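Report on the following structure.
Where a number appears in this text, it was derived from the coordinates with a stated rule and is not lab data. Quick caveat: nothing in here was measured; it's all calculated off a predicted structure. Please note: Cβ atoms are built from the backbone with ideal geometry, for glycine as well, and neighbour counts cover all protein chains shown.
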Amino acid sequence: MIDIHCHILPEVDDGPKSWDAAVEMCRLAAADGITHAVATPHANDRYAYDRAYLSGLLDELREKVGPALQLQFSLGCDFHLSFENLERVLAQPHTYTIGETNYLLIELSNFSIPTRLSECFTRLGDRGLTPILTHPERNPILQQTPQRILEWAEQGCLMQVTASALTGLWGERPEIIARWLLDRSAVHILASDAHDTKRRIPNLSAARDVAEKIVGAEYADALVEGNPGAIVNGMPIPYCPRPVLD
């Protein structure tokens, strides 16, 4: 399995606070069957994003983990969508993308959604970028208007649901929305959004099993293998049904 959203680098954001914790997260990921993790530090007003510095940290993590876990890594970004950040990514897109691909993880604010968000996605697409909206099921605004998520998926924005939301860790409402999106073929990737070794751990297998019960094995496997595997290799995702609009 491939995890495209994982806060696994130490001391750079609200993820692990030490190298020991980061290495333990890698062990947990490998034990769950994850073979490739994308390190995705935040890029927002609180946490500056220095690609060169973070690349060096990821190299150090590779050395500390070693070959025994057979875990590969890429560098990405948990990109907070703001006016300033949008201008930055349009000017230097591969500063923020997953590896050298054109895929960009985008996080929305819990307090406001841009009124012209569809236009933002269009501008990113015109720049050659494919936006991946992270954890829409956890956004309190989108929980009230989930139809908008379907419309963005129809537009070509990919949707990444948090694995642990599907298993109930985040409470009833995020789980309901995650299942609602799955039922409408509007989930393209499950990712851990892991931050630590206790609660928000790098685990995909449990959610994959839940997804299989909802949408079947083919779709469930695509969420943790085929689609994220294509993303880290810069290829079009193989499983992308048209969302079912209500």
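Observations, loosely collected:
- Filter result for G128 (over 27 Å from G33 (Cβ atoms), touching a residue at least 24 places away in the same chain (Cβ under 8 Å) and either assigned to a loop (DSSP other than H, G, I, E, B) or of a type in the set (K, R) (or both)): yes
- Among residues of the stretch 49-62 that are under 16 Å from I98 (Cβ atoms), those with a Cβ under 7 angstrom from a residue that is polar (S, T, N, Q), sequence gap 6+ or separate chain, pair up as R51/T95.
- Residues of the stretch 57-73 classified as within 12 Å of A30 (Cα to Cα) and assigned to a helix (DSSP H, G or I), total: 1
- Some residue of the stretch 170-180 being crowded, with 18+ Cβ neighbours inside 10 Å, touching a residue at least 24 places away in the same chain (Cβ under 8 Å), touching a strand residue (DSSP E or B) at 6+ places or on another chain (Cβ under 6 Å) and not β-branched (V, I, T): yes
- Residues being assigned to a loop (DSSP other than H, G, I, E, B) and under 19 Å from N110 (Cβ atoms) - total across the stretch 146-183: 5
- Only one of T97, T122, T115 that is assigned to a loop (DSSP other than H, G, I, E, B) and farther than 11 Å from F79 by Cα: T115
- Taken as a whole, the condition of being buried (at least 19 other Cβ atoms within 10 Å of the Cβ), without any contact (Cβ under 8 Å) to a residue 60 or more places away in the chain and within 16 Å of the chain's Cα centre (by Cα) does not apply to P10.
- Test for T145: is it among the hydroxyl-bearing types (S, T, Y) and either in contact (Cβ under 8 Å) with a residue 60 or more places away in the chain or surrounded by fewer than 20 Cβ atoms within 10 Å (Cβ to Cβ) (or both): yes
- Some residue of the stretch 218-225 being part of a loop (DSSP other than H, G, I, E, B), surrounded by fewer than 17 Cβ atoms within 10 Å (Cβ to Cβ) and of a type outside the set (G, A, S): no
- Scope the stretch 14-34; condition surrounded by 17 or more Cβ atoms within 10 Å (Cβ to Cβ), closer than 18 Å to A207 by Cα and touching a helix residue (DSSP H, G or I) at 6+ places or on another chain (Cβ under 8 Å); matching residues: D32
- Lone qualifier among D209, D221 - being free of Cβ contacts under 8 Å to residues at least 12 places away in the same chain and touching a helix residue (DSSP H, G or I) at 6+ places or on another chain (Cβ under 8 Å): D209
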